[in-house]
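So the structure is just underneath, and the comments pick up after that.
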Ligand code: NI
């Protein structure tokens, strides 16, 4: 990957805000303000309002559900088969006697991922389902990522 030029600029902030910021970034393990600010700016561009439905993205769908709800496990499996081209990997954790946590790693068109997420969310017995986007493809989507294409 080619290195980009770094551009310096001055930022003015109220003293109380900068104190809070320094405290916060130290607790998150950042070495300096620039590093923390860069991450904040990058993350702000991953917000749903900046993404278009046609964009190719990678992320996760995290859900918690009652596994004994009628036919739910079967419907969720069927759904994942219907969307097999965007579901890269799944992890299933039996949380307790009646609840399961499932994490899907997804990669594909945002519109398709939103549809999958919505279909999961409306199932009876699904207590929580969240789609989060962690990476946006710059060019055409490729299912195979090198380690440097994943954001920190
Ligand atoms: Ni389970």
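Laboratory data are not the source of any read-out in this text; all were calculated from the coordinates shown. If you're wondering where the values come from, they're calculated on a predicted model, not measured in any experiment. Virtual Cβ from ideal backbone geometry, glycine too; neighbours counted across all protein chains shown.
Annotations for the structure displayed:
- Taking the C-alpha atoms only, the angle from helix 15-27 to the longest principal axis of the chain is near 50 degrees.
- Of 110, 101, the sequence from fewest to most neighbouring Cβ atoms within 10 angstrom is 101, 110.
- Förster-model FRET efficiency, 22 Å R0, residue 77 and residue 111, C-beta, rounded to 0.05: 0.45
- Label point distance in nm, residue 88-residue 52, each placed 7 Å from Cα along Cα→Cβ: 2.3
- Estimated distance in nm for a label pair at residue 123 and residue 67, the labels positioned 7 Å out from Cα along Cα-to-Cβ: 1.3
- Build a GNM of the chain with springs between Cα atoms under 10 Å apart, and of 73, 12, 27 the one that fluctuates most is 12.
- Pairwise FRET efficiency - residue 6 versus residue 31, Cβ, R0 = 25 Å, nearest 0.05: 0.95
- Result for the chain in a Gaussian network model with C-alpha springs under 10 Å: among 124, 109, 43, the largest mean-square fluctuation is at 124.
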